[in-house]
Amino acid sequence: MTKDEKTRIREMAANGASYLMIAETLRLPKEAVRSFCRYHGLAQSSQEDASVRFCLFCGKQVSTLPHKKERKFCGDACRLA
């Protein structure tokens, strides 16, 4: 795991992302993310907000509306990059 990945895990965990969301975004195994978070004391909330996702390119928070298709990117710049 690189320093950049560790930094992004810390940021995303602080914003309330689940282990699965972080793992999918960074393309890492879920258990590796979970182990890292537990070792470094990054609390996992028991209630996940399904409407909050993170951009697959830059990692910024992307919110979606209920009953709509989940957005994977924050905008065209990231989607087309």
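Checked against (1) surrounded by fewer than 17 Cβ atoms within 10 Å (Cβ to Cβ); (2) in contact with a strand residue (DSSP E or B) (Cβ under 8 Å, 6 or more places away or on another chain); (3) modelled with pLDDT of 85 or more, Cys55 meets all criteria but (1). For the stretch 11-34, residues that are among the hydrophobic types (A, V, I, L, M, F, W, C) and not in a helix (DSSP H, G or I) total 2. Among the numbered conditions (1) open to solvent by less than 80 Å² (accessible area, probe 1.4 Å); (2) out of contact with any helix residue (DSSP H, G or I) (no Cβ under 7 Å at 6 or more places or on another chain); (3) at pLDDT below 85; (4) aliphatic (A, V, I, L, M), the only one that Leu42 does not meet is (2).
List every residue pair whose Cβ atoms sit under 8 Å apart, with the two residues 6 or more apart in sequence or on different chains, where the first one lies in the stretch 27-39 and is more than 17 Å from Glu11 (Cβ to Cβ) and the second, anywhere, is among the hydroxyl-bearing types (Ser, Thr, Tyr) and open to solvent by less than 60 Å² (accessible area, probe 1.4 Å). Partner pairs satisfying both residue conditions: Lys30/Tyr19. Based on what the data block shows, is Leu65 modelled with pLDDT under 90 and open to solvent by 90 Å² or more (accessible area, probe 1.4 Å)? Yes; evaluated as a whole, the condition is true for this residue.
The values are calculated or read from the model by the stated rules, or taken from the named source; none is laboratory data. Please read all numbers here as calculations on a predicted model, not as lab measurements. In this analysis, Cβ positions are derived from the backbone assuming ideal geometry, glycine residues included, and neighbour counts consider all displayed protein chains. The accessibility values were calculated without ligands, DNA or RNA, using every heavy atom of the protein model including side chains. Shrake-Rupley method; radii C 1.70, N 1.55, O 1.52, S 1.80 Å.
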